[in-house]
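All remarks here apply to the structure that follows.
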Amino acid sequence: MIKFLVKGILRDPSKSIIPIFVISIGVMVTVVVSGMVKGVLSDVVNQNANLDTGHLKIMTKPYAENKDFRIDNKVGTFVFRWEYLPGSLIYVVYNLNDNNYYSAEDSEWSNSKSNSLFLKFDYFFQL
């Protein structure tokens, strides 16, 4: 099959330029998009991990001195990666974001949940 393709390309190069150009653009777009998706996924994991667990928290003095305001948050990112075949990966990412704030003014807890589940399937083709 490869001999047949090479023979066709060498036989009439003027007709072979467009398919070679289209295939090259397709491969280039695939590589760029794959890199972007991997970067976005790792950035999502890092941003969610650092959202409430950063090294430095800046707050105003009245906020820090208010002992009636309490926070009970559960934040976490859990990543499961499984390579079920060589070159085939499954990612399962679960973001836990459970925010509970107590306000002494209202004398009640306010709950806010935004949990999410991401699935990603990767398959690497060999050329």
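Based on the Cβ-Cβ distance from ILE18 to ASN100, what FRET efficiency comes out when R0 is 41 Å, to the nearest 0.05?
Details: r = 61 Å, r/R0 = 1.49.
E(calc), rounded to 0.05, equals 0.10.
What GluC sites (Glu not before Pro) in the range 79-127 are in a loop by DSSP, with at most 13 other Cβ atoms within 10 Å of the Cβ? All intermediate terms of the calculation are to be shown ahead of the outcome.
Details: sites: GLU83, GLU105, GLU108; in loops: GLU105.
For GluC sites (Glu not before Pro) across the range 79-127 that sit outside H, G, I, E and B with at most 13 neighbouring Cβ atoms in 10 Å, the list reads GLU105.
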Which far-off residues, 5 or more places away or on another chain, put their amide H under 5 Å from the one on ASN73, with H placed in the peptide plane?
-> ASN100
Per-residue HN-Hα couplings for the range 81-93, Karplus 6.51 cos²θ - 1.76 cosθ + 1.60 at θ = phi - 60°, whole Hz, x for Gly and Pro?
-> 10, 9, 9, 7, 9, x, x, 10, 10, 10, 10, 10, 10
Which ³J(HN,Hα) values, rounded to whole Hz and listed in residue order, are derived for the range 26-43 from phi using the Karplus coefficients 6.51, -1.76 and 1.60 in 6.51 cos²θ - 1.76 cosθ + 1.60 with θ = phi - 60°, glycine and proline given as x?
-> x, 5, 5, 5, 4, 5, 5, 5, 4, x, 5, 5, 5, x, 5, 4, 5, 5
Taking every other residue with Cβ under 13 Å from the Cβ of SER34 and scoring Lys and Arg +1, Asp and Glu -1, one gets +1
Estimated distance in nm for a label pair at GLU108 and ILE2, the labels positioned 7 Å out from Cα along Cα-to-Cβ | 7.1
Calculate, for PHE125 and GLN47, the FRET efficiency according to 1/(1 + (r/R0)^6) with r their C-beta to C-beta distance and R0 30 Å; round to the nearest 0.05.
-> 0.50
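The numbers here are math on the coordinates, done by the rules we state, and not lab data. Note that the coordinates shown come from a computational prediction; the quantities given were computed from them, not determined experimentally. Cβ sites come from the backbone with ideal geometry, for glycine too, and all protein chains shown count toward neighbours.
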